[in-house]
Amino acid sequence: MNFDLTEDQRAFQDTARQFSQEIFAPNAEHWDATSTFPVEALRQAAALGFAGIYVGEDVGGSGLSRLDAALIFEELAAGCTSTAAYLSIHNMASWMIDRFGSEAQRQRFLPRLTTMEHFASYCLTEPSAGSDAASLRTRAVLDGDHYVLNGAKAFISGGGVADIYVVMARTSDDGAKGISTFVVEAGTPGLSFGAQEKKLGWKSQPTAAVMFDDCRIPAANHIGAEGDGFKIAMMGLDGGRLNIGACSLGGARRCLEEALGYVQDRKQFGKPLAAFQALQFKLADMATELEAARLLLHKAAAKLDAKSPDATQYCAMAKRLATDTGFAVVNDALQLHGGYGYLRDYPIERFLRDVRVHQILEGTNEIMRVIVARNLLDQSRKSE
């Protein structure tokens, strides 16, 4: 149990921190206020290897580990949580092609995804299939050397802007085993999008419904084996949950740093806020809970890297704790700022709006508890 980072890990952590401070942080307020999708900044991140962190090096990826990715996303999110979270989704969709696609598919799609010449979206959620993702209705029917897709996806990050949509669709009525994975390319006839959603946060990334109306795609765009789509989607989410947890940690860490500075400068009753023991205790708890969540997240990442049989359980545990803790720490930081924390003159309220959705997406935190409880009960029955 060596808790020290390697020299390489410290190097790309420093690179991510410097990039985040120089590119993401100074622009985050503007991107949020204008709902700007920062294409050039994302491509600059890709040039550093952050668009294919755990994608193979032969197609332009960095070939790093899930723990490495957690370190990187925490740093990026400290600058702009919303933009870092889109990078997480792009990485997840790209990894699914890298891991389950054929060599021809990898070479066709991934070189332009790892440079972010092309942007990717992950399409699982539907208007009537959220937490119950296996009940999805979007259907793909084989017609000669094409599949014809009909249905709709909801809340899709990158919707209407992305070039590549990794889509889970039903190829049979056999529940979760009847779902397959496809790549749908922008510009395909029958592919359309809803209006951009008006969101509380995550304003630097577009979000829209993605619709398929007799959308014909080549059979060569089918990823993995027929019926493996739900398994592929869930394996993608194991890593996605770690990434989004790391984004919560990064946003919360930044807000703790802001609060530490504020309570030393702000004076009430003739002395700095930092002199009041009650607020010292609050700061201590914020730092302690953040570190505890980080340690669990890193352990879960190590288990996923090691392909441990309990990796999914630990990814769910880590996602739940990191996103709940992240929001709580940001909320406490806002409280420490008093009325100023509620103003857009300070960054805290933006982080609050951005991290809130992390408790919902990549599987709600209630579903994370279901996953953990099911695994605990299964283990208990097997031991009897």
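The values are calculated or read from the model by the stated rules, or taken from the named source; none is laboratory data. This is a predicted model, so every value here is computed, not measured. So basically every Cβ, Gly included, is an ideal-geometry build from the backbone, and we count neighbours across all protein chains shown. Ligands, DNA and RNA are excluded from the accessible area calculation, which covers all protein heavy atoms including side chains. Shrake-Rupley method; radii C 1.70, N 1.55, O 1.52, S 1.80 Å.
Computed quantities for the displayed model
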item	result
Members of the range 374-384 found to be surrounded by 11 or more Cβ atoms within 10 Å (Cβ to Cβ) and either under 23 Å from the mean Cα position of the chain (by Cα) or among the charged types (D, E, K, R) (or both), listed by number	Arg374, Asp378
Index of the failed condition, Thr312 passing every other in (1) closer than 20 Å to Ser204 by Cα; (2) open to solvent by 20 Å² or more (accessible area, probe 1.4 Å); (3) polar (S, T, N, Q)	(1)
Scope the range 110-140; condition surrounded by 15 or more Cβ atoms within 10 Å (Cβ to Cβ) and hydroxyl-bearing (Ser, Thr, Tyr); matching residues	Thr114, Ser121, Tyr122, Thr125, Thr138
Residue ID - nearest to Met211 (Cα to Cα), chosen from residues in the range 83-124 that are under 20 Å from the mean Cα position of the chain (by Cα) and among the small types (Gly, Ala, Ser)	Ser121
Meets criteria (polar (S, T, N, Q), free of Cβ contacts under 8 Å to residues at least 40 places away in the same chain and touching a Leu at 6+ places or on another chain (Cβ under 9 Å)) for Thr15	yes
Condition met for Ala25 (open to solvent by 70 Å² or more (accessible area, probe 1.4 Å), of a type in the set (A, V, I, L, M, F, W, C) and at pLDDT 95 or above)	no
Sole residue being open to solvent by less than 10 Å² (accessible area, probe 1.4 Å), under 24 Å from Ile97 (Cβ atoms) and either within 21 Å of the chain's Cα centre (by Cα) or among the aromatic types (Phe, Trp, Tyr) (or both), chosen from Gly250, Gly240, Gly160, Gly178	Gly240
Residues being of a type in the set (A, V, I, L, M, F, W, C), over 16 Å from Ile53 (Cβ atoms) and in contact (Cβ under 8 Å) with a residue 60 or more places away in the chain - total across the range 296-314	1
Members of the range 165-213 that are of a type outside the set (Gly, Ala, Ser), assigned to a loop (DSSP other than H, G, I, E, B) and more than 14 Å from Asn150 (Cα to Cα)	Asp173, Asp174, Gln196, Glu197, Lys198, Lys199, Leu200, Trp202, Lys203, Gln205, Pro206
Close pairs from the range 204-230: first of a type outside the set (A, V, I, L, M, F, W, C), partner open to solvent by 10 Å² or more (accessible area, probe 1.4 Å) and assigned to a helix (DSSP H, G or I), Cβ under 8 Å, at least 6 apart	Ser204/Trp31; Ser204/Asp32; Asn221/Gln105; Gly224/Phe100; Gly227/Lys177; Asp228/Phe100
Single condition Gly341 does not satisfy, out of (1) buried (at least 21 other Cβ atoms within 10 Å of the Cβ); (2) touching a residue at least 12 places away in the same chain (Cβ under 8 Å)	(2)
Cross-chain or 6+ apart pairs with Cβ under 6 Å, the range 363-384 first and more than 13 Å from Gln313 (Cα to Cα), then open to solvent by 70 Å² or more (accessible area, probe 1.4 Å)	Thr364/Ser131
Any hit, the range 257-267, residues being of a type in the set (D, E, K, R) and under 21 Å from Met368 (Cα atoms)	no
Hits in the range 288-297 (condition: in contact with a helix residue (DSSP H, G or I) (Cβ under 8 Å, 6 or more places away or on another chain), over 15 Å from Gly251 (Cα atoms) and open to solvent by 40 Å² or more (accessible area, probe 1.4 Å))	Ala292
Of all residues in the range 334-362 being hydrophobic (A, V, I, L, M, F, W, C) and part of a helix (DSSP H, G or I), the one that is farthest from Thr312 (Cα to Cα)	Leu336
Options Leu304, Leu283; residue that is over 30 Å from Ala154 (Cα atoms) and either modelled with pLDDT under 95 or open to solvent by less than 40 Å² (accessible area, probe 1.4 Å) (or both)	Leu283
Residue match in the range 43-57 (condition: small (Gly, Ala, Ser), surrounded by 23 or more Cβ atoms within 10 Å (Cβ to Cβ), assigned to a helix (DSSP H, G or I) and in contact (Cβ under 8 Å) with a residue 24 or more places away in the chain)	yes
Where Ala333 falls short, out of the listed (1) closer than 30 Å to Tyr54 by Cβ; (2) more than 19 Å from the chain's Cα centre (by Cα); (3) buried (at least 23 other Cβ atoms within 10 Å of the Cβ)	(1)
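To keep it simple, each residue is scored yes or no on (1) of a type in the set (Ser, Thr, Tyr); (2) touching a residue at least 24 places away in the same chain (Cβ under 8 Å); (3) in a helix (DSSP H, G or I).
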{"residue": "Leu71", "(1), (2), (3)": "no, yes, yes"}
{"residue": "Leu87", "(1), (2), (3)": "no, yes, yes"}
{"residue": "Ala93", "(1), (2), (3)": "no, yes, yes"}
{"residue": "Arg108", "(1), (2), (3)": "no, no, yes"}
{"residue": "Ala140", "(1), (2), (3)": "no, yes, no"}
{"residue": "Asn150", "(1), (2), (3)": "no, yes, no"}
{"residue": "Ile156", "(1), (2), (3)": "no, yes, no"}
{"residue": "Val161", "(1), (2), (3)": "no, yes, no"}
